[in-house]
């Protein structure tokens, strides 16, 4: 394939590794662990992989390692840095024994089930180092949940002599990795399963996982775009830009982009829920800022909106929870048309939720009732929240204008930044972090571990000081309702309203609302001073301050 000048130059970048991974290692075990909640249920479901200790790698003595083969899967949505996880794993496996092999299963977990794969070679891997995307082997959203899938997978793993499988994914994908690890352990199949934390949404993090890979690059990419819009906004001075950002389950991206660009308004879903704000309350909050700026002659501004906002408005969240249960009923699955499904919903939900349902614009109500993702959840990215809010703000401002309390002008532009950030070329931080995650996974395999997540910590320090190890996936799990049933899942990390990043934002947002304090961060920097090129997100810097 033809390469750009940037790709050619970027290919020569050598990602940094923690000092502990730069030579032979030994695994140091911590205390036994337990799940974050529902301990008895999680232990009963994962008897072979529950309670294992946290692992930390330290410098060790060189040992002879027999050749071993590894398989790798990219699962779920794309995130910058996935190729570096694979190249890090490849280099790690080869450093233990040059005769070891790495196989990639094509188009996600389905490639394991359907026995579609490719063997990596030096030439193949070198084409993808430090590049964005998942196109090296593709990704998919097949869920590994059924025994027939596990058994189909073991057939190809045995055929290829694979002793360990690495699954790169988010909370759902790593939950599946844990289920697979437990199944193979219970059957004594001798196949290890290791997970890697991926999601640009930033909601796969906890005390052990500082950040999920791709979050840094995606936020920097979106912040560049927001900065460009704000520069245009401050130049034309006639539009309010409503910008929806990725983040269905948490507002980490919106918060990080706000910290980088200082918009006039940034909504944080978790705060909306805590304050029990209604949809009208959210609209009124935005409209008051619009009116306040208009009073000073500034009929322009920017509003950042997390894509999952609608689910965090308490009345709508309650409605969605009942809709999920109703639409999971067996009789709902046989409904042929949208009209039948809407009628079924109206006849099966409570009076309070029906009142909320009927109060919504018809297009939003239809999307809530009809569109579901493979996990049975509302596809909130399809709901044009940015247009819904601007439409309702315009209507409220018109009312205020008639009452004589508002005399400004209001014109809106709309944006949704999603795909723009998922396959960007990784930042230096993500290039290093991802390479370390993959290389570290090879050491977890060599140490005989299964059911572990590869983790790299202390990442606000220079890369040589990063801490490498592994955390049992069961440690992160609890029971949650999915598709009308309770299931074991990795707990999502929401924005902490008492955390340093949100507190910093809250302390400055009134000034950002009234004044034009825009910051234009520019594109991701690869070359230059370390204080420009090698920085982590503001979120992580504030958390570790």
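Test residue 61 against the stated conditions and say whether it is modelled with pLDDT of 95 or more and either over 28 Å from the mean Cα position of the chain (by Cα) or buried (at least 19 other Cβ atoms within 10 Å of the Cβ) (or both).
No; evaluated as a whole, the condition is false for this residue.
From (1) assigned by TED's automatic domain parsing to the domain that holds residue 70; (2) not in a helix (DSSP H, G or I), pick out the condition that doesn't hold for residue 242.
(1)
Here are some conditions: (1) free of Cβ contacts under 8 Å to residues at least 60 places away in the same chain; (2) closer than 27 Å to residue 139 by Cβ. Residue 232 meets all but one. Which one does it not meet?
(2)
Please count how many residues of region 94-121 are crowded, with 24+ Cβ neighbours inside 10 Å and either assigned by TED's automatic domain parsing to the domain that holds residue 221 or in contact (Cβ under 8 Å) with a residue 60 or more places away in the chain (or both).
Residues that pass the stated criteria total 1.
Would you check which residues across region 236-245 are farther than 20 Å from residue 511 by Cα and either surrounded by fewer than 24 Cβ atoms within 10 Å (Cβ to Cβ) or free of Cβ contacts under 8 Å to residues at least 40 places away in the same chain (or both) and list them?
236, 238
What's the total number of residues in region 177-215 that are under 22 Å from the mean Cα position of the chain (by Cα), surrounded by fewer than 24 Cβ atoms within 10 Å (Cβ to Cβ) and closer than 23 Å to residue 117 by Cα?
1
If you scan region 94-103, which residues turn out to be outside any helix (DSSP H, G or I), farther than 14 Å from residue 194 by Cβ and touching a strand residue (DSSP E or B) at 6+ places or on another chain (Cβ under 9 Å)?
100, 101, 103
So residue 500 fits all but one of (1) within 27 Å of residue 196 (Cα to Cα); (2) touching a strand residue (DSSP E or B) at 6+ places or on another chain (Cβ under 7 Å); (3) surrounded by 14 or more Cβ atoms within 10 Å (Cβ to Cβ); what number is the exception?
Against the list (1) within 27 Å of residue 196 (Cα to Cα); (2) touching a strand residue (DSSP E or B) at 6+ places or on another chain (Cβ under 7 Å); (3) surrounded by 14 or more Cβ atoms within 10 Å (Cβ to Cβ), residue 500 comes up short only on (2).
Looking at (1) part of a helix (DSSP H, G or I); (2) surrounded by fewer than 24 Cβ atoms within 10 Å (Cβ to Cβ), which is the one condition that is false for residue 248?
The number of the failed condition is (1).
Can you tell me how many residues in region 157-172 are touching a helix residue (DSSP H, G or I) at 6+ places or on another chain (Cβ under 6 Å) and over 12 Å from residue 112 (Cα atoms)?
2
Answer yes or no as to whether residue 355 is more than 21 Å from residue 505 (Cβ to Cβ), without any contact (Cβ under 8 Å) to a residue 60 or more places away in the chain and assigned by TED's automatic domain parsing to the domain that holds residue 411.
Yes: the conditions hold for residue 355.
Based on what the data block shows, is residue 457 within 29 Å of residue 262 (Cα to Cα), in contact (Cβ under 8 Å) with a residue 60 or more places away in the chain and touching a strand residue (DSSP E or B) at 6+ places or on another chain (Cβ under 6 Å)?
Criteria met by residue 457.
Tell me, yes or no, whether region 490-505 has at least one residue that is at pLDDT 95 or above, in a strand (DSSP E or B) and either on the phi < 0 side of the Ramachandran plot or not assigned by TED's automatic domain parsing to the domain that holds residue 369 (or both).
yes
Would you say residue 148 is assigned by TED's automatic domain parsing to the domain that holds residue 455, out of contact with any helix residue (DSSP H, G or I) (no Cβ under 8 Å at 6 or more places or on another chain), without any contact (Cβ under 8 Å) to a residue 24 or more places away in the chain and surrounded by fewer than 16 Cβ atoms within 10 Å (Cβ to Cβ)?
So residue 148 passes the test.
Scan the strands (runs of 3 or more DSSP E) fully inside region 370-475 and keep the ones with 2 or more residues being outside the structural domain of residue 330 (by TED's automatic domain parsing).
It comes to 452-457, 467-472.
In the set 321, 291, 338, 343, which member is farther than 25 Å from residue 417 by Cα and crowded, with 18+ Cβ neighbours inside 10 Å?
Being farther than 25 Å from residue 417 by Cα and crowded, with 18+ Cβ neighbours inside 10 Å holds for just one of 321, 291, 338, 343, which is 291.
The values are calculated or read from the model by the stated rules, or taken from the named source; none is laboratory data. Note that this is a predicted model, so its numbers are computed, not measured. As a convention, Cβ positions derive from the backbone with ideal geometry for all residues, glycine included, and neighbour counts pool all protein chains shown.
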